[in-house]
Every structure is written in structure tokens, then in C-alpha cells.
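See structure below.
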Amino acid sequence: MGMLQISNDTVALSVDLAGGAIHRFDRHAASGPVPVFHRGAVEADVCFPLIPFGNRLRGNAFVFDGGTHRLQPNTASDPHYIHGDAWLGHWRTIAHDHHELTIAYDHAGKDGPYAYRAEQRFALSDNMLSVSLSVTNRARRRLPYGLGLHPFLPMTPATIVDFTAERYWEQDAAFLPLKSHPARGGMDFSGGRRLPGTWMNTEFEGWNGAATIMWPETGSRLRIEADAQFSRCMIFVSDTAFDALYRHDWFCFEPMTHSVDAHHRADLGGLVALEPDETLAGSCRFIVECHAPAPRQAKRWRSS
């Protein structure tokens, strides 16, 4: 059985064992299911796990504890090993009832240094979805690990994103970090800011783990609350140069425990070095609110 469901009186969730991804996350309404995560995004599923780490790695290689470790590109569309392996693997069911689901994935590490066991626990409580992630190092050596989630969210002309961060990173042509800057001006989303109508693929550091996405057209909003480990987040808005089918109707807000290309930072950029059989864990919560008060006038997008 590849697709599993849990639900309560307020929300419903479908999880695909192929990739351990959320296939649908909807709220119940008199007119029928209303998508919370964007249904019909570029990916078949609407939220996938980033394990053993998220995003890209410069050169598909890193040096750690005196050894050089190499990874292979894992998609046909990108020259990098991207977003880990867990989103490409087949997961299995550990526990399943009406309101909770736990699944696991075991990665043997045949094509690289990483061997691990990943688990996800999905739980519904009233209007909240909690996603708990964990990764256990099954390699025979100490290695740096991270966690993240990659949800696709609806984007409308009036969508507002509200969160606080300290810094953001500009990127090079390969989507790898170049230089960090204070999160000011057009990169200051505190108090709420509309999303750009153009490309954005930006990592923010010093995130406090709280964010609110607002859709004024429908009076609905989604609050995100992440554990302290998730001190980074990414915003991704695509364009037709990158994706010819993109219709400016979705974006991504990605909670992460670590920075892009963190393996090449002296402090590991939020990655955690796990000894064999040690575990890294953390949770993100998504709270659905309807008929929310109209927000104050949001800051319009500007690039600086």
C-alpha cells in the first residue's frame, strides 16, 4: 500500500510511501477539501523530507575528520546531489491509526558515505499537523547530518509571508552561497511582506522558528512553528526560465536545521556531527487558521 491517510474533524493528510512525502494536506470545508499545501505543484507530492541534509553541496564532495567523501548527482535535472536521498527512497509503515502515522526509511549508503535510518511521525490535533523527523547514523564513521522539510504552498498575488531572520545569503549561478548580508530592506519579512513576482531562491539564517503565511483573499493563514534546531529557512519562488510550466501559483517555505553547502563551513553551518548510532531529531508544526483578521498593509516586495 503506497498511500496512507490520517484525518480528524478539521484536517486530513495523505502520505506517499514513495519518497515519504506528503501527497495532500487539506482542511475540511462545507464545499469540500481545501488545500493547505499546494496541490498540483511541480512535484507529484506537496512536501518532502530533506535527509541526511537539504539543498546542494559544492563539488558533490566534502572533507570531514580527515577523509574526503564524494556523492553522486541523484536527479537527471541537476548536476548536484540535491536534498539528500530520503525523498527518493521507499519508506515503510511503522505505526498507523486514525490521527497518527509513523514511517521509516533505511539507506544503505552504497553510493556515498551516508548510511542512516530516517523516521517521520505525522500527527493531527485539531487544526495542527505535527511532523517529527529523525535521522540515525548507521555508518561506521562520524558524519555531519541535517534535517529539513520542503513544503509547496499556494501563492496568490496578495500572499504575505511574515517571519524574522538575522541574515540572508546571495547565491551564484549554481545556487550555492556567495555572501551573507543583514536581512534588511527587501529581505526583511518581519511584520509581513508580499512575495516577489520573479525568481527567488534565498536562504535565511538566524530564523527564530516561527512564520505565518497569509492569504488575504480567503482570510486564511498558516502558522509554522519549528523546534529550535530549525534555525534556517529557504524561500523559493520559481520562474518560467527554470520551469516552463510554472504558473506563479506556488512557492516553497523550507524549514532547515542547517545552511546550504554547510559541509564546507568550519562550524558545519548547523549540521550536527553524529557518531555511529547517534540520532538527530526535530519537529515542525503547521497550524491552519481560517477567517483570520485582515493583516495590516504589508510591505511590498523590493529587492533591496
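The values are calculated or read from the model by the stated rules, or taken from the named source; none is laboratory data. All values derive from a computational prediction rather than experimental measurement. All Cβ positions, glycine included, derive from the backbone under ideal geometry; neighbour counts span all protein chains shown.
Here is a yes/no grid of residues against (1) surrounded by 15 or more Cβ atoms within 10 Å (Cβ to Cβ); (2) farther than 21 Å from M128 by Cα; (3) at pLDDT below 95:
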site: R194; (1), (2), (3): yes, yes, no
site: N201; (1), (2), (3): yes, yes, no
site: A210; (1), (2), (3): no, no, no
site: G219; (1), (2), (3): no, no, yes
site: F236; (1), (2), (3): yes, yes, no
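Looking at (1) within 24 Å of N60 (Cα to Cα); (2) free of Cβ contacts under 8 Å to residues at least 24 places away in the same chain; (3) β-branched (V, I, T), which is the one condition that is false for T202?
Status for T202: all satisfied but (2).
Looking at segment 13-23, is at least one residue touching a His at 6+ places or on another chain (Cβ under 9 Å), surrounded by fewer than 21 Cβ atoms within 10 Å (Cβ to Cβ), modelled with pLDDT under 95 and not in a strand (DSSP E or B)?
Checked against the condition, which is being touching a His at 6+ places or on another chain (Cβ under 9 Å), surrounded by fewer than 21 Cβ atoms within 10 Å (Cβ to Cβ), modelled with pLDDT under 95 and not in a strand (DSSP E or B), segment 13-23 yields no hits at all.
Is it the case that T218 is of a type in the set (V, I, T), more than 14 Å from the chain's Cα centre (by Cα) and in a loop (DSSP other than H, G, I, E, B)?
Yes.
Restricting attention to segment 146-165, does a residue exist that is in contact with a helix residue (DSSP H, G or I) (Cβ under 6 Å, 6 or more places away or on another chain) and crowded, with 16+ Cβ neighbours inside 10 Å?
Checking segment 146-165: not a single residue is in contact with a helix residue (DSSP H, G or I) (Cβ under 6 Å, 6 or more places away or on another chain) and crowded, with 16+ Cβ neighbours inside 10 Å.
If R223 meets every condition in (1) within 22 Å of D162 (Cα to Cα); (2) in a helix (DSSP H, G or I) apart from one, which number is that one?
(2)
Is there a residue in segment 83-93 that is of a type in the set (S, T, Y) and touching a Lys or Arg at 6+ places or on another chain (Cβ under 8 Å)?
No: segment 83-93 contains no residue that is of a type in the set (S, T, Y) and touching a Lys or Arg at 6+ places or on another chain (Cβ under 8 Å).
Mind listing whichever residues of segment 42-56 are hydrophobic (A, V, I, L, M, F, W, C) and surrounded by 21 or more Cβ atoms within 10 Å (Cβ to Cβ)?
Result: V46, C47, F48, L50, I51, F53.
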